[in-house]
1. How far apart, in nanometres, would the label points at Gln283 and Ile34 be if each is projected 7 angstrom from Cα along the Cα-to-Cβ direction?
2. Assuming R0 = 35 Å, what is the FRET efficiency of Tyr253 and Lys170, from their Cβ-Cβ distance, to the nearest 0.05?
3. With a cap of 13 neighbouring Cβ atoms within 10 Å, and only residues DSSP puts in a loop, list the trypsin sites (Lys or Arg not before Pro) found in the range 98-183.
4. Return the distance in nm (one decimal) between the two label points of a simple spin-label model at Gln143 and Glu77, each offset 7 Å from Cα along Cα→Cβ.
5. Looking at the range 132-177 from every direction and averaging, what is the projected area of its Cα convex hull in nm²?
6. Which chymotrypsin sites (Phe, Trp or Tyr not before Pro) from the range 45-123 combine a DSSP loop assignment with at most 12 other Cβ atoms within 10 Å?
7. Starting from the range 247-291, pick out the GluC sites (Glu not before Pro) whose DSSP state is loop and whose Cβ has at most 16 other Cβ atoms within 10 Å.
8. Can you pull the one-decimal nm distance between simple spin-label points at Phe111 and Arg96, each 7 Å off the Cα toward Cβ?
Amino acid sequence: MGEVKGKGLAWGEGQILLEGEPVWFGEGPEGEEIPLVWTWIDLLEFLGRWWPWLILEEDYPLPLQPLYPAFFIQDAERRWFELPEDQVEEEEVAHRFIARHDLADAFKGLFLPSLILLRQGKTCHISVAAVRRTRVRPWSEIQDALEEVGEYLVNAVSSSDHPRAVHARKLWTQRKERLIERELDLATGLSMDVRKRFHNIDWRASEIQAVAYPEKRARAFAAEFLLPRQTAEAVVRCQPSLQKAAHFLQQTYRISTELLAWQINNSSARMALSDEERTLLEQWKTGRTEL
């Protein structure tokens, strides 16, 4: 990446290849592949803003397990096809998730193929839908590369007083502080208010962190400390209706309607529900309807 324009916004040439195959590139006068020329301050802003999520967010926000991250929205759209039309809230959640992990989303006014990075424990899935490829690399290697890019870009605009450069530098230099602030929210999948209900738990203890298998972290914590999915399934199957099962579970475990709905949804009992009950379950999950 080399500086070619001096506007204080890291204008320069750059390209990305995945195992030698071009993913991001420009096109020359004869159709040949050439480096992109753009303001790379966009990428610095993206890395600084979403650093905590890139480092800590390992679970999908919907009860889906796509084969690769690039298939997440496609799988979500299949799910929405079976649900009521009013799924705006869930769609927003899904697209915000992708926006935090798709490097292409960083660039303003430039269309680039999606390039999704999603950490999975000690590995990282690098997923490119355009060439239908996903590669798995050590997470430490990817984090080092992102830090190297960030440091290069912040140095490139170190003397710029352009408002965007100032803002991007601030986001990047404060990324570790923001990572600490968000650590428990993202690592456990539980808000501070929920965690406060368990005064005797040291949420930073290594054994607590180990309970979360990366791809199901939020659900694992909810199941372990609030309502096991097997219990939710057993109650739903033995009660005459979903509503009676939900009332019993809520009175017994003193949990929110949303969490209750997610645990039922994530169990195999969901397959036995009627269409009307599935619709009601979706309404509970989004908080549009209470028990």
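1. About 5.9 nm, to one decimal.
2. Approximately 0.20, to the nearest 0.05.
3. Here the trypsin sites (Lys or Arg not before Pro) that fit, given the DSSP loop and packing criteria, are Lys108, Lys122, Arg132.
4. Between Gln143 and Glu77, the label points sit 3.4 nm apart.
5. For the Cα atoms of the range 132-177, the hull's average projected area reads 4.6 nm².
6. Those satisfying the criteria are Phe111.
7. Sparse-neighbourhood loop GluC sites (Glu not before Pro): Glu290.
8. 2.7 nm
Read-outs: derived from the displayed coordinates by stated rules, not from any lab. Just so it is clear, the model here is predicted, and its values are computed rather than measured. Because the Cβ atoms are built from the backbone with ideal geometry, glycine has one as well, and the counts that use them run over all protein chains shown.
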